[in-house]
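*Asks:* Quick one: structure below, then a few questions.
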Amino acid sequence: MGRIDATFACLHSVHRKALVPFITAGDPSREATVPVMHALVAAGADVIELGVPFSDPMADGPVIQRSSERALARGVNTSFVFECVREFRASDNDTPVVLMGYLNPVEMRGIERYARDAVAAGVDGVLLVDLPPEEPGPIRAAFNATGLQLISLAAPTTTPERLARLANESQGYLYYVSFAGVTGAGKLDTAEAASKASALRAQAKVPLLVGFGIRDAASAAALAPCADGVVVGSALVEAMATSPDPCIAAAEFLRPLRAALDAAAEG
């Protein structure tokens with residue numbers, strides 16, 4: 001059993017919700033990436049989503065777009081991301097790391113080589129925002145051959161046919177986007193998001209996480225009952241960007257969400 005499956009099995013056994021923070025590799029600095037990852041785990045993160053900077057991040061809102069631009073300006077690339085995970089694994093061999101990004105860097109490196117390099121570094125899964133659900137075959141085969149899981153994404157606009165496919169074929173966990181739009185945008189309608197997430201969770205063969213619009217403890221707790229966990233990204237990235245110490249900022253941001261999720265589970 002891989003790290004992702006083992007983590008969710010453990011969480012399920014103690015009736016605990018997963019807290020999954022997203023950060024962009026190389027931001028707010030190259031040197032801060034691995035220390036921030038460790039700080040997030042210490043503050044209660046169960047899985048780390050590490051963003052791979054890309055020049056055309058079409059699914060990301062302004063906060064993560066700027067984060068990606070800053071990282072690219074510092075020379076961050078796929079090799080640097082793998083090195084960060086390798087360094088993280090030197091002292092943390094348990095916390096799953098999922099790379100979140102776009103298809104182009106994978107194809108540029110070569111799918112098989114990307115998969116081998118990712119697993120060698122200690123990556124557990126990859127979420128490719130722009131990979132159509134109908135076209136994952138070659139990538140999933142190459143990933144799975146090395147033990148790498150292909151994480152799927154679903155949205156309110158996903159057709160029933162696609163939702164059925166995703167619910168049946170997803171690996172690791174299924175990431176449900178709480179509203180139609182880019183990361184960090186819009187006002188989250190928790191009641192509507194909860195209703196749709198609950199329906200998808202009932203179909204899915206893997207744990208369901210809800211992301212986009214999770215900005216604080218209240219929004220995390222509101223969506224916790226309908227999912228197996230939540231993903232927080234833009235608000236965390238923004239908090240670190242304006243802090244003189246990103247590790248402290250990351251931990252201080254995450255702790256209230258961890259407490260809220262635990263309280264919601266107990267309730």
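*Asks:* For Ala259, are the conditions met, namely being assigned to a helix (DSSP H, G or I), more than 21 Å from Ile23 (Cα to Cα) and either of a type outside the set (D, E, K, R) or free of Cβ contacts under 8 Å to residues at least 60 places away in the same chain (or both)?
*Replies:* No.
*Asks:* Could you give every pair whose Cβ atoms fall below 6 Å, whose first residue belongs to the range 137-166 and is in contact (Cβ under 8 Å) with a residue 12 or more places away in the chain, and whose second residue is among the hydroxyl-bearing types (Ser, Thr, Tyr), counting only separations of at least 6 or pairs across chains?
*Replies:* Ser152/Ser170; Leu153/Tyr175; Ala154/Tyr176; Leu166/Ser152
*Asks:* Now for a different question. Take the residues in the range 129-161 that are at pLDDT below 90 and surrounded by 12 or more Cβ atoms within 10 Å (Cβ to Cβ), then tell me which one is farthest from Arg113 (Cα to Cα).
*Replies:* Pro156
*Asks:* Taking the options Ala32, Ala59, name whichever one is more than 18 Å from the chain's Cα centre (by Cα) and of a type in the set (A, V, I, L, M, F, W, C).
*Replies:* Ala32
*Asks:* Now, a different point. Could you tell me which of the residues Arg201, Arg113 is farther than 17 Å from Ile4 by Cα and in contact with an Asp or Glu (Cβ under 9 Å, 6 or more places away or on another chain)?
*Replies:* Of Arg201, Arg113, the one residue that is farther than 17 Å from Ile4 by Cα and in contact with an Asp or Glu (Cβ under 9 Å, 6 or more places away or on another chain) is Arg201.
*Asks:* Next question, about the same structure. Answer yes or no as to whether Gly172 is small (Gly, Ala, Ser), closer than 27 Å to Arg70 by Cα and crowded, with 23+ Cβ neighbours inside 10 Å.
*Replies:* Criteria not met by Gly172.
*Asks:* With the structure loaded, tell me whether Val76 is of a type in the set (A, V, I, L, M), in a loop (DSSP other than H, G, I, E, B), in contact with a Pro (Cβ under 7 Å, 6 or more places away or on another chain) and touching a residue at least 24 places away in the same chain (Cβ under 8 Å) or whether it fails that test.
*Replies:* yes
The values are calculated or read from the model by the stated rules, or taken from the named source; none is laboratory data. All values derive from a computational prediction rather than experimental measurement. A quick note on method: Cβ atoms are made from the backbone with ideal geometry, for glycine too, and the neighbour counts reach across all protein chains shown.
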